[in-house]
Amino acid sequence: MTGAGPLAGVRVLDFSTTFSGPYCTLQLADLGADVIKVESPDGDITRRLGTSRSPEMASVHVAANRNKASLSLDLKNAGSRALARSLIERADCLIHNMRLDAAERLGLDPATVLAANPRLVHAAITGYGSDGPYAGKPAYDDTVQAASGLAWLQSLGRADAYMATAIADKVTGMAAAQAVTSALFRRERTGRGQAIEVPMYETVVGFTLMEQWGGRAFVPPLGPTGYARMRSPHRRPYRTADGLISVVVYHGGHWRRFLEHIGRSHLLNQERFRTVEARNDNIDELYALLARVLTGRTTAEWLKTFDEIDVPAMPVRTLDEVLDDEHLRAVGFFHEVEHPQQGTFLVSRHATRYGDSPVATPPEQAPPDRLGAGGDAVARWLADP
């Protein structure tokens, strides 16, 4: 819908719902792809999730589906299937996150669609892939957080808390967007499309383990999994005299400058703190010291100090405070977009900057469509033989 950005001219047919697929196609739409979001007559469930001032346009849907045209189809109907096939024949990419047997029943499996359009990139976001003991199991963000070890890691081994954001869905959506663009690049070289499968489970396991392999990175194992700094109970926002602060005293230079500032530089001469490895092994002791010291000044005083000694620090903000952040306002991260029937929405722009193919921002950026209101985009596709 945008006509701007590095993916301008790429046509994406989006049969996905909820979070993982729509987050994938949001990335592609923001980068200029022409996205038609195919919805059931009832619409994507996200239309009714979050805060709403009118039916079928709730806050979650607004955030995940800008720059997409909406087409309402009942794929159990022969006429709807014929229209879907005509769009598939003209698409560059098809994305869904339904179960593979459901996709096959609807004629959206790779064999069927690639026979109709051999240049198509077919991307299926699945829960646990198409093989293995978990194949075909239903998957949601919470169950994947649990199965992947992420919930256990998040709650420091208690396994009684999920991350308060749909991180499994969103990480998988970003991985799917990367997979699609990689496959489109290969198609430019070979002229051939292909089928891609992006399983949530494997994607999130790889994401979670990156810094947590520990001794299990070696064969035979040298010890258990884990990265001490990340799993320290002292790694948290710290209390100051009047609030909270986030500070990362990380490498040797950070520790030297901080300890010099508080008159404790002699600690770096001790064996347990002299090297990166030693500090990592004894990180709880250093973090406990940091926590005690920070209570002696206000957040503003510490932020000034950490700027002066070049140690990363930021205030701990609420989401409402983030929306009013001076930096995000200055760089134009948030924009208001006008919908002809729904009024004004506040949206964010794509974070990445492209020097030679900039992505769209308002007024070029389009608000989310009402259900089935994307007739112009459908007609534009069908007009192209």
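Observations, loosely collected:
- Note on the range 220-240 and the range 300-352: Cα centroid distance 29 Å, given to the nearest whole angstrom.
- Sequence ranges 335-343, 145-153, 26-34, 213-221, ranked by mean other-Cβ count within 10 angstrom, highest first: 26-34, 145-153, 335-343, 213-221
- Efficiency of FRET between Leu49 and Thr190 - r from beta-carbon atoms, R0 41 angstrom, step 0.05: 0.55
- Annotation: lysines with alpha-carbon distance below 21 angstrom to Lys137 (same-chain offsets under eight excluded): Lys170.
- The alpha carbon convex hull volume per residue for the range 236-308 rounds to 77 Å³.
- Considered as an equivalent ellipsoid built on the Cα gyration tensor, the range 241-363 has semi-axes of 41, 18, 12 Å, the largest given first.
- Estimated D of the range 337-382 in µm² per second, where Rh is the Kirkwood radius over Cα pairs and Stokes-Einstein applies at 25 °C, 0.890 mPa s: 194
- Full extension of the chain between Ala164 and Ser182 yields a length gain of 3.4 nm, computed as 0.36 nm times the residue separation minus the alpha carbon distance.
- Efficiency of FRET between Arg317 and Tyr227 - r from beta-carbon atoms, R0 35 angstrom, step 0.05: 0.85
- Where a label projected 7 Å from the Cα of Tyr354 along Cα→Cβ would reach, residues of the range 1-33 with amide N under 16 Å: 1-12, 25-33
- Computed over the range 4-78, Cα set: Rg, Dmax in Å: 12.5, 36
- The range 42-182: mean projected area of Cα convex hull, nm²: 10.6
- For the pair Thr295 and Ala8, a Förster radius of 45 Å applied to the C-beta separation gives a FRET efficiency near 0.25, rounded to the nearest 0.05.
- Here the scattering of the range 87-129 is modelled by Debye summation over its C-alpha atoms, one equal scatterer each and no solvent; at q = 0.16, 0.30 Å⁻¹ the log10 of I(q)/I(0) is -0.36, -1.10.
- Full extension of the chain segment joining Glu104 with Ser86 gains 4.7 nm, where the gain is 0.36 nm per residue of separation less the Cα-Cα distance.
- Principal axis dimensions, the range 151-256 - Cα atoms, whole angstrom, descending: 62, 42, 36
- 10 Å-binned pair-distance histogram of the chain (Cα, whole percent): 5, 19, 25, 23, 16, 9, 3, 0
Readers should treat all values here as calculations from the given coordinates under stated rules, not as data from a laboratory. Since this is a predicted model, take the numbers as computed values, not measurements. Ideal geometry is used to build each Cβ from the backbone, glycine not excepted, and the neighbour counts take in all protein chains shown.
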